[in-house]
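Let me begin by presenting the structure, written as structure tokens, before commenting on it.
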Amino acid sequence: MVYFLVFVILFYVTAISIFVSSNKLTHIYDDSFQQFLLLNSISQHSNELYANTRTLVVEADSDKSNKYYNVKTILQNEMEKITNTFYDIDPIKIKNYQNLLESFILESELTVGFVFRDDIEQYTYHLEQTHNASDYIQEATLELIDLELTAYQSFYQDLQARNHAFFYFILLLFVSTIMLAIFFAWWFSKGITKPIDKLSHAAKEVAAGNLTGSPITIRSNDELQLLGDTFNSMRTNIHYLVEEIRDQSEMDRLLKDMELKHLQSQINPHFLFNTLNTLSKMAYLEDAQSTSALIDSVATLLRHNLGDIDSQVTLGDEVKVVRDYFHIQKTRFSERIQFDMSIDETCLAIQIPRLTLQPLVENAFIHGIEEKEDGGTITLTIFPCGEDVVVQIHDDGVGMTETKVNELMSLMKRKGRHVGHSTGIGLTNVIHRLQLFYQKNHVVDIQSEPGHGTTISLFLPKYNVET
């Protein structure tokens, strides 16, 4: 820190010194340059004033008169600047130069005045005097420029000497700085670079998956030793955590397989018995066509339910299964139960987990409609809404209290095995699988009121479309 502080202060002092010296030289150079420019401008404007005076003698009009007065005004302003500009030349020579300019301007004014009076003898005489004064001004200007160049020569020599001095100073500063930087870099690298190289090499091993490398040994009394010890502890902890996660993952996979197989095997015997009993009565009471259709619906439903529960299907496939389920229950209960469907066909291509809709419809039937003596209606509605496809399952059954609804919503946040009815899959299990499938928590909404039925709404993202 001391080295860098001294280094910064030294460079700041050098920079300020160079700036002050350069600024001073720049001012001197600028003053000399402005003197040259002023003398050159006076010479040009005196020639121009004489030319305008002679033009008025030949042909006097307002336009040429305006040009004359404009040039004269400029020359008078430049004459006033001489005293403040030329402070390094003999004041007597400057005064004589100003008097010469005044005489030149006066003679030009007299010439113009006699031109307007049409006094040819006088304006001819004063025009000649104006010409002579103009020549004298050119000679005096050249003399002053020569004096300025003589003074500028000494200034230029001084400037060259300073440039050489600055060059050697900067060269010395650069060489000494480089030598000090090399020395301190080598000195610091012994205590810093080597431990960092060890840490870098160990970090690459960890990134490559090697968590059982040899411990890093850093012999120092600063933060680097603490960093090395912390890295060793971190690598050991990561190794233990990875092994623990690997074992836990394998255990979760086995438990999941067992749970799914257990759920798939739980086809409700009561449901199968009632269905087969209905099939028997139908075969006795009517021709085989209705019985055949009912058997097809049962076969489709069982085939779908016994499929791979971990697979995904389209929403359209789930709707077909619900239609078969409606057919079976309609056959069983005749006019006691009604089923309505309002479906937007454009929404049926999205992907959903297998066994999603039919368990929810069955849940509405068993808990909402079956307990009512006069039966009821179950409605399936599918429509788009913003970025989601909304699936609503409504029944006009017995409904639920607000406490029961809140209890169901809280159960959906828990992991576990939830057994349902014919499929062996309950409401909370379906909702939990939807949450895992879409990786979002808000996939369901339940609205219910005792005596007014229940509405379950599913919010399924549109982006999950089968390609």
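The values are calculated or read from the model by the stated rules, or taken from the named source; none is laboratory data. Keep in mind the model is a prediction, meaning the values are calculated, not measured. Cβ: placed from backbone, ideal geometry, glycine included. Neighbour counts: every protein chain shown.
Among the residues making up the range 387-407, a single one is more than 30 Å from GLU345 (Cα to Cα) and in contact with a helix residue (DSSP H, G or I) (Cβ under 7 Å, 6 or more places away or on another chain): VAL398. The helices (runs of 4 or more DSSP H) falling completely within the range 191-290 that include 1 or more residues that are under 28 Å from ARG354 (Cα atoms) and either modelled with pLDDT under 70 or among the small types (Gly, Ala, Ser) (or both) map to 223-264, 269-285. Taken over the range 378-404, residues that are small (Gly, Ala, Ser) and surrounded by 21 or more Cβ atoms within 10 Å (Cβ to Cβ) amount to 1.
Okay, residues lined up against (1) touching a strand residue (DSSP E or B) at 6+ places or on another chain (Cβ under 8 Å); (2) surrounded by 12 or more Cβ atoms within 10 Å (Cβ to Cβ); (3) farther than 30 Å from ASN47 by Cβ:
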| site | (1), (2), (3) |
| --- | --- |
| ASN99 | no, no, no |
| GLU102 | no, yes, no |
| THR111 | no, yes, no |
| ARG117 | no, no, no |
| ASP135 | no, yes, no |
| ARG162 | no, yes, yes |
| PHE166 | no, yes, yes |
| ILE178 | no, no, yes |
| LYS190 | no, no, yes |
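Say whether the condition of being more than 21 Å from PHE33 (Cβ to Cβ) and of a type in the set (Phe, Trp, Tyr) is met by at least one residue in the range 114-121. Yes, the range 114-121 has at least one match.
If you go through the range 194-215 one residue at a time, how many are in contact (Cβ under 8 Å) with a residue 24 or more places away in the chain, of a type outside the set (A, V, I, L, M) and surrounded by 13 or more Cβ atoms within 10 Å (Cβ to Cβ)? So the answer is 2.
Can you find, within the range 342-400, the residue that is modelled with the lowest pLDDT among those that are among the polar types (S, T, N, Q) and closer than 14 Å to PHE459 by Cα? Please lay out each step first, then the result.
So the first thing to find is which residues in the range 342-400 are among the polar types (S, T, N, Q), and the list is 342, 346, 351, 356, 358, 363, 377, 379, 381, 392.
Then keep just the ones that are closer than 14 Å to PHE459 by Cα; that gives 351, 356, 381, 392.
Working: GLN351: 90, THR356: 86, THR381: 95, GLN392: 94.
Per the stated criteria, the residue is THR356.
Take PHE365 and tell me if it is farther than 22 Å from LEU434 by Cα, in a helix (DSSP H, G or I) and not small (Gly, Ala, Ser). Against the criterion (farther than 22 Å from LEU434 by Cα, in a helix (DSSP H, G or I) and not small (Gly, Ala, Ser)), PHE365 does not qualify.
Between ASP310, ASP296, the distinction of being at pLDDT below 65, under 18 Å from LEU427 (Cα atoms) and not polar (S, T, N, Q) belongs to ASP310 only.
Kindly establish whether SER422 is modelled with pLDDT of 80 or more, over 42 Å from the mean Cα position of the chain (by Cα), among the small types (Gly, Ala, Ser) and assigned by TED's automatic domain parsing to the domain that holds PHE326. Working first, answer last.
Working: modelled with pLDDT of 80 or more: no; over 42 Å from the mean Cα position of the chain (by Cα): yes; among the small types (Gly, Ala, Ser): yes; assigned by TED's automatic domain parsing to the domain that holds PHE326: yes.
No: the conditions fail for SER422.
For the range 379-412, the set of residues classified as under 39 Å from the mean Cα position of the chain (by Cα) and assigned to a loop (DSSP other than H, G, I, E, B) consists of GLY386, GLU387, MET412, listed by residue number.
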